[in-house]
Amino acid sequence: MPLLDRFSLSNQVALVTGAGRGIGRAIALAYAEAGADIVCAARTLADVEAVAEEVRALGRRALAVSCDVNDADQRGAAVSAAIETFGRLTHLVNNAGGAGPNDPLKMSAARFEEVLRFNVSSAYALTQLCVPHMREAGGGNIVNITSGAARYAQPHFSAYGAAKAALTQLTRLLAQDFAPQVRVNAIAPGPILTAALDRALPADMRDGMIRNTPLQCLGQPEDIAAAALYLASPASAWVTGKIIEVDGGAESSVWPG
Ligand SMILES: NC(=O)c1ccc[n+]([C@@H]2O[C@H](COP(=O)([O-])OP(=O)(O)OC[C@H]3O[C@@H](n4cnc5c(N)ncnc54)[C@H](OP(=O)(O)O)[C@@H]3O)[C@@H](O)[C@H]2O)c1
């Protein structure tokens, strides 16, 4: 097989959470370009419908589902809709997640748990729903989107950083549980220019972040999508339980103390 053919996802069906914008949208489009049919999931139906249209324009089938990953019923409905529509499910991208900076003396324990639920428990629950379908399809693949914040020691990120660190270790552990049929890997992005980062980033910090990045620019969603395609496809057939850091070479954060 020519090496480039190993990046193909033809005949695969992928559920991508947070697919309405940013990194999730870019991954949905990359998987579609490689030949997969896509279930685009996020809370705002208009956004995922627009991305589903972009997938169809690439010649693939697409389903848009409104799904809050924090809601068990909605998670179940999204997976059921995928099976009803496409008859199988082979790929899952746990991309929906996030949290802003927090003051550990002000953020309540209840809010801390919400951050864990959004970033870690939802991925665990979706994995639990999807793996049986992957096994039925003869194999499957999971890509989790964690963050450089999982390993940087920086102030103000005890909730987000701890949640993403948990997702990172969950990735490594589930890879052991589900091998060899289902591979589980993760990507740890550095700062990627999406609406989420734009919202959280004070204007004067952007330059500092760029200076802190050896490759001298912020990342684009497509930088993450390219790594996701590698991890999702047979190109990475001998890779599981690993975290790819896609961060322009940054080894620390510049969030002010
Ligand atoms: N951007 C960065 O610099 C960066 C760096 C490291 C890691 N990450 C991680 O990358 C992932 C994506 O971030 P992004 O920057 O692409 O964010 P984004 O541009 O804000 O997009 C987030 C997507 O997730 C959806 N979403 C939000 N809450 C959801 C929920 N409860 N259930 C289902 N979908 C939900 C949003 O749509 P709705 O609001 O309509 O649901 C949207 O489609 C996150 O896990 C984030 O932690 C980002």
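The values are calculated or read from the model by the stated rules, or taken from the named source; none is laboratory data. Nothing here was measured: the structure is a model prediction, and the numbers come from that model. Here Cβ is always computed from backbone atoms with ideal geometry, including for glycine, and neighbour counts include all displayed protein chains.
Overview of results
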quantity	calculated
Exclusive hit being part of a strand (DSSP E or B), of a type in the set (A, V, I, L, M, F, W, C) and either surrounded by fewer than 16 Cβ atoms within 10 Å (Cβ to Cβ) or near the ligand (Cβ under 10 Å from one of its atoms) (or both), set ALA41, ALA78, ALA64, ALA14	ALA41
Close pairs from region 71-83: first farther than 21 Å from VAL120 by Cα, partner more than 9 Å from the ligand (Cβ to nearest atom) and assigned to a helix (DSSP H, G or I), Cβ under 7 Å, at least 6 apart	ILE83/HIS133
Of the criteria (1) out of contact with any Lys or Arg (no Cβ under 9 Å at 6 or more places or on another chain); (2) touching a residue at least 12 places away in the same chain (Cβ under 8 Å), which one VAL13 fails	(1)
Residue count, region 203-221 (criterion: polar (S, T, N, Q) and assigned to a helix (DSSP H, G or I))	0
Pair list, Cβ < 8 Å and 6+ apart or interchain, from region 179-190 residues that are closer than 13 Å to ASP247 by Cβ and part of a loop (DSSP other than H, G, I, E, B) to residues that are of a type in the set (Gly, Ala, Ser) and within 8 Å of the ligand (Cβ to nearest atom)	GLY190/GLY148; GLY190/GLY219
GLY24 over 28 Å from GLY138 (Cβ atoms), of a type outside the set (A, V, I, L, M) and either within 12 Å of the ligand (Cβ to nearest atom) or under 15 Å from the mean Cα position of the chain (by Cα) (or both)	no
Failed item, numbered, when ALA232 is tested on (1) near the ligand (Cβ under 10 Å from one of its atoms); (2) out of contact with any helix residue (DSSP H, G or I) (no Cβ under 6 Å at 6 or more places or on another chain)	(1)
Test result for ALA26, in contact with a Leu (Cβ under 7 Å, 6 or more places away or on another chain) and either at pLDDT 95 or above or of a type in the set (Val, Ile, Thr) (or both)	no
Residue check for VAL51: assigned to a helix (DSSP H, G or I), touching a helix residue (DSSP H, G or I) at 6+ places or on another chain (Cβ under 6 Å), within 16 Å of the ligand (Cβ to nearest atom) and at pLDDT 95 or above	yes
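Residue-wise test of (1) within 12 Å of the ligand (Cβ to nearest atom); (2) under 23 Å from ARG43 (Cβ atoms); (3) of a type in the set (Phe, Trp, Tyr).
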| residue | (1), (2), (3) |
| --- | --- |
| GLY87 | no, no, no |
| ASP103 | no, no, no |
| LYS106 | no, no, no |
| LEU116 | no, yes, no |
| ASN119 | yes, yes, no |
| GLN128 | no, yes, no |
| THR146 | yes, yes, no |
| ALA150 | yes, no, no |
| PRO155 | no, no, no |
